[in-house]
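Everything below concerns the one structure shown next.
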Amino acid sequence: VQLQASGGGSVQAGGSLRLSCVASGRTFSSVAMGWFRQAPGKEREFVAGISGGGSRTIYADSVKGRFTISRDNAKNTGYLQMNSLKPEDTAVYYCAIRSSWNNVESAARLYDYWGQGTLVTVSS
């Protein structure tokens, strides 16, 4: 299984970015997907998650109302739309999928496959 994340970049506060995560090597639609991030000097934290069919989504409190997670199973691709970005959103963003569960969870230990990360930098 391979996950390829992209879409990161540098933006000013208040701006928007859309991250993508393309999965290959397994059936994407049957498993939950999550986005996590890690800022310099901090631990990796949960950002958002979506169930395999897309019917259920969960978000960290820090991004609720600003970020939207979605997926297109026909394209084996997940997305994270990030609006109203803040400097504290600066981090490397990782996508991840569970190996065999549709249930969406926020714990990183429950995700089995990880992408390489894409850097998001938000300047004030």
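When residue 68 is tested against the conditions (1) at pLDDT 95 or above; (2) more than 12 Å from the chain's Cα centre (by Cα), the lone failure is (2). Among the residues making up the range 1-36, those that are in a strand (DSSP E or B) and either of a type in the set (Ser, Thr, Tyr) or more than 17 Å from residue 113 (Cβ to Cβ) (or both) are 6, 9, 10, 11, 12, 17, 18, 20, 24. Would the range 105-117 turn up any residue that is open to solvent by 40 Å² or more (accessible area, probe 1.4 Å) and free of Cβ contacts under 8 Å to residues at least 12 places away in the same chain? Among the residues of the range 105-117, at least one is open to solvent by 40 Å² or more (accessible area, probe 1.4 Å) and free of Cβ contacts under 8 Å to residues at least 12 places away in the same chain, which makes the answer yes.
Residue by residue through the range 11-28, note down the ones that are in contact (Cβ under 8 Å) with a residue 12 or more places away in the chain, among the polar types (S, T, N, Q) and farther than 18 Å from residue 48 by Cβ.
Residues of the range 11-28 that are in contact (Cβ under 8 Å) with a residue 12 or more places away in the chain, as a first pass: 11-26, 28.
So of that shortlist, the ones also among the polar types (S, T, N, Q) come out as 12, 16, 20, 24.
Passing the criteria: 12, 24.
Can you tell me which residue is most open to solvent (accessible area, probe 1.4 Å) among those in the range 66-98 that are more than 23 Å from residue 12 (Cα to Cα) and among the charged types (D, E, K, R)? Per the criteria, the residue is 75. When the residues of the range 10-65 are filtered to those that are on the phi > 0 side of the Ramachandran plot and in contact with a strand residue (DSSP E or B) (Cβ under 8 Å, 6 or more places away or on another chain), the one that is most open to solvent (accessible area, probe 1.4 Å) is 25.
Within the range 72-90, residues that are over 17 Å from residue 32 (Cα atoms) sit with their Cβ atoms under 8 Å from residues that are among the acidic types (Asp, Glu) and in a helix (DSSP H, G or I), at 6+ positions apart or across chains, in these pairs: 82/89.
The values are calculated or read from the model by the stated rules, or taken from the named source; none is laboratory data. Only a predicted model underlies this, so the values are computations on that prediction, with no experimental measurement involved. Positions of Cβ are generated from backbone atoms using ideal geometry, with glycine treated the same way; all protein chains shown enter the neighbour counts. Areas reflect the complete protein model, heavy atoms only, side chains present, ligands, DNA and RNA absent. Shrake-Rupley method; radii C 1.70, N 1.55, O 1.52, S 1.80 Å.
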